[in-house]
Amino acid sequence: MRPNVEPMAAKTILNRVRVPAMPFDWSINPYRGCQHGCSFCYARSTHTFLGQPADDTFQRHIYWKAGAPDILRRQLARLARQGRLPDHVAIGTATDPYQPLEAKAMLTRGCIEALADYGVPFSVTTRSPLVLRDLDILRRARVLSVNISLHTLDAQVWRRFEPASPAPRRRLETIGRLADAGVPVTVFAAPMLPYLTDSRETAAELAEACKSRGADRAMIDFLRLQAPEVKQWFFGVLQQHYPKLAPVYGNLYYRRAGLPESYVRPARERVEAEFRRLGLIGPGAPKRKPADNRTGRDAAGAVTEGGLAAGGRAGQAMEAGLPANGSGPGADGFASGPFGDPAAGSGCVPLQLTLF
């Protein structure tokens, strides 16, 4: 089924993230809604701010920010005059900037080209091999990291929880081609799903596959179901495909967004041990600042689809329930535009608003 796509009239594309716990100060999300439609995606609930339900409409009704590259260039020119160009822009903090619509709309390409022209360091988070289309820009840009979201190599788990996303093998191929091109790659192994993807054996398989393709670093995080809409949707998928696990998850996530410490501590230890063994996390992992007009290797701690980057201050902020400046629809400065005009574990809703 072809998605319904609709433009949005945006005032800003580069959005300030005024949350001290975040590892970046600015974000860009050229799209709202995501054709990948992952069942655990925390951004699903944000469709309600647009007057849309948080069900499969999130995957079937996609908004794109008309004229995004030009708007971004105007913002960057103003910041450059003020001597306040960003140190790190995170692209794709809410929805995938390389979802299928990007192949035609090319909003993300235009945005990273603008950032490259102004010498602004940035990171990109995606599941899609479409990012390889833009290697010509990534090679000359100040790329902190291209973050490839990949939490399992199990084809059955992938098909059931994220059936419209690129297959794991294609994401591994993407890691390899990015690494071969000299682009720093971080694997976002998230969200780890209890009893499905968080065993030592599956973690070892994933870590070894990513390391062999040339990944620099990894970030690990476990499933969070903060918004009621996301929890309801995820449990529907779980009940359909893994009915015996539904009551188990019900106990784990009863009246909570994240896993209880009694479960997540040993699970995190065994998963991280496999990535640490290969130098993908911990002191041995590469962490270097980019030189001007050159690709860097400072892994970006951006938001993952299943939650916030593992082990970072952002995750702690989520647990503490820190508020953000945005407080409702339109907090990022855009409104719906006329259709056809040419030209974004799970986070808490107020925090998400700052990332669009």
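The values are calculated or read from the model by the stated rules, or taken from the named source; none is laboratory data. Since the structure is predicted, the reported quantities are computational estimates derived from the model, not experimental observations. With ideal geometry, Cβ positions are generated from the backbone for all residues, glycine too; neighbour counts draw on all protein chains shown. The accessibility values were calculated without ligands, DNA or RNA, using every heavy atom of the protein model including side chains. Shrake-Rupley method; radii C 1.70, N 1.55, O 1.52, S 1.80 Å.
Numbers for the structure displayed
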item: Förster-model FRET efficiency, 22 Å R0, Gln156 and Ala246, C-beta, rounded to 0.05; result: 0.85
item: Carbon and sulfur %, accessible surface of the stretch 81-204 computed with the full protein complex present, 1.4 Å; result: 47
item: Solvent-accessible surface (1.4 angstrom probe) belonging to Met106, in square angstrom, nearest 10; result: 90
item: Where the stretch 94-149 is the region considered: accessible area per residue in Å², 1.4 Å probe; result: 25
item: Residue-normalised accessible area of the stretch 193-233, given per residue in Å² at a 1.4 Å probe; result: 42
item: 3J(HN,Hα) from dihedral phi, the stretch 148-161, Karplus parametrisation 6.51/-1.76/1.60, rounded to Hz, x for glycine, proline; result: 9, 7, 7, 10, 7, 9, 6, 4, 5, 4, 4, 4, 7, 9
item: Peptides ranked, highest mean first, by Cβ atoms within 10 Å: ranges 88-94, 274-280; result: 88-94, 274-280
